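Presented below is the structure to which this report refers.
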Amino acid sequence: MNDTASDSAHSSSSAAARPDAAQAAPVVEMRQVNKWYGNYQALHAIDLQVARGERIVLCGPSGSGKSTLIRCVNQLERIDQGHLAVLGADLGQASPAATQALRKVGMVFQHFNLFPHMSVLDNCTLALRSVKKLGKQAAAECALHYLDQVGIANQAAKYPTQLSGGQQQRVAIARAICLEPEIMLFDEPTAALDPEMVKEVLEVMVRLAQTGMTMLCVTHEMGFARRVAERILFLDEGHLLEDTAPGEFFDSPRTERAQTFLRQIL
Ligand SMILES: Nc1ncnc2c1ncn2[C@@H]1O[C@H](COP(=O)(O)OP(=O)(O)OP(=O)(O)O)[C@@H](O)[C@H]1O
Ligand SMILES: [Mg+2]
């Protein structure tokens, strides 16, 4: 990753630079959120506010609840107790406002989740046509614009299996951002990639950060976290143990659990 690009990502578009009330309202708000899978409590009393444009990295041991937390934000998982609002819409009950808000949340998964029987272009135009109701030509133009942004427009006619893992993940990012989300969720987007492909995906994510996109990323790429994130959330056994700036988290983690975690991964 290029330090210059990362530094400018870090200095761009902090929420504090936008004083008006609508911009200052949190785009994600969790209050005392609890979530169970059967008898197992996966999230314990999570309090979290995310400001527009913030770039947040979630880390913690396997099973600590990182995926569960971000999947609640786009309702791939439902919370059981507490309050969750996204873009001002209460997700506690179905409503047109909640549906609208959820359309503004994009997600990228570890295993890309592209449709294997569809070309790269069709993977990207599918939701543009069905959700955004664009015509074939307009959808293709939009998709190609975003595929170009991730450096892969020349692969539009191929099928996912004809691409490398890094290329597939860039397609997945293009597919998400062509719907013009206001919040992007990433769940270990580079964890399934060979090392030489990690960089190309991280570079796309750095560029996305530079646009001012609100980002919640689960990742163990601590170089990316240190350079791009404004906040690090550390989870352990469903508890949000730390919520601090990267410098503080990496240089002087408060909890013994985070100290142990960092010793293991760094
Ligand atoms: N669908 C499910 N049904 C039952 N238990 C689940 C389900 N999804 C997650 N869990 C459990 O909830 C806990 C939190 O899981 P989660 O996937 O959020 O962890 P994680 O921090 O993302 O872990 P990893 O780093 O391995 O991806 C784990 O104990 C997991 O086994
Ligand atoms: Mg996970």
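The values are calculated or read from the model by the stated rules, or taken from the named source; none is laboratory data. If you're wondering where the values come from, they're calculated on a predicted model, not measured in any experiment. In this analysis, Cβ positions are derived from the backbone assuming ideal geometry, glycine residues included, and neighbour counts consider all displayed protein chains. Side chains are part of the model used for accessible areas, which takes the heavy atoms of the whole protein and leaves out ligands, DNA and RNA. Shrake-Rupley method; radii C 1.70, N 1.55, O 1.52, S 1.80 Å.
Take a quick pass over the chain and tell me how many lysine pairs come in under 20 angstrom between Cα atoms, counting only ones 8 or more apart or on separate chains. Each step should come with its number before you reach the end.
Working: Lys35/Lys66; Lys104/Lys132; Lys104/Lys133; Lys136/Lys158.
Total qualifying Lys-Lys pairs in the chain comes to 4.
For Arg31, Arg170, give the ranking by accessible area with the largest first, probe 1.4 Å. All intermediate terms of the calculation are to be shown ahead of the outcome.
Values: Arg31 110, Arg170 30 Å².
The most accessible residue leads, giving Arg31, Arg170.
Quote to one decimal, in nm, the extra length available between Asn113 and Ser95 on full extension: 0.36 nm per residue of separation minus the C-alpha distance between them. Before the final figure, lay out each step's value.
Numbers: separation 18, 0.36 × 18 = 6.48 nm, distance 2.75 nm.
Full-extension gain reported as 3.7 nm.
Please report the carbon-and-sulfur percent of the accessible area for segment 114-180; probe 1.4 Å, protein heavy atoms only, DNA, RNA and ligands left out.
54 percent
Order of 125-138, 155-168, 179-192 by packing, highest average Cβ count within 10 Å first? Walk me through the numbers before you get to the answer.
Numbers: 125-138: 14.4, 155-168: 16.9, 179-192: 20.1.
In descending order of packing, they fall as 179-192, 155-168, 125-138.
Could I have the simple spin-label model distance between Ser130 and Ala245, label points 7 Å from Cα toward Cβ, reported in nm to one decimal?
The modelled label-to-label distance comes out at 4.5 nm.
With every protein chain present, what is the per residue accessible area of the chain (1.4 Å probe, Å²)? Can you show the working numbers first?
On the way: 12050 Å² over 266 residues.
Roughly 45 Å² per residue, with all protein chains present.
How large is ³J(HN,Hα), in whole Hz, for each residue of segment 221-234 in order, when computed from phi with the Karplus curve 6.51 cos²θ - 1.76 cosθ + 1.60 and θ = phi - 60°, using x for Gly and Pro?
Along segment 221-234, the couplings run 7, 6, x, 4, 4, 5, 8, 9, 6, 9, 9, 10, 9, 10 Hz.
Can you compute the FRET efficiency between Gln49 and Ala157 using 1/(1 + (r/R0)^6), with r the Cβ-Cβ distance and R0 = 45 Å? Round to the nearest 0.05. Before the final figure, lay out the partial values.
Working: r = 43 Å, r/R0 = 0.97.
Calculated value: 0.55.
Taking only C-alpha pairs under 8 Å that are 6+ residues apart, what is the relative contact order of segment 114-180 in percent?
Working: 77 pairs, mean separation 30.1, N = 67.
Dividing the mean separation by the residue count of segment 114-180 yields 45 percent.
Grab the DSSP H runs of the chain that are 4 residues or longer, score each as -39,500 (n - 2.57), total them, divide by all residues and round the 222 nm result to the nearest 500 deg cm²/dmol. Spell out each step's value before the answer.
Numbers: 11 runs with 105 residues, N = 266.
About -11500 deg cm²/dmol.
Does a label point 7 Å from the Cα of His220, set along Cα-to-beta-carbon, have any residues of segment 107-148 with amide nitrogen under 16 Å, and which are they?
Counting backbone N atoms under 16 Å from the label point, the list is 110-111.
Which value, in debye to the nearest 20, gives the size of the charge dipole of segment 207-266 about its Cα centre, when Lys and Arg are +1 and Asp and Glu are -1 at the Cβ? Provide the component values of the computation, followed by the final result.
Values: 7 positive and 9 negative charges, 53 e Å.
Around 260 debye, computed over segment 207-266.
How far is the Cα center of segment 23-44 from the Cα center of segment 224-266, in Å?
19 Å
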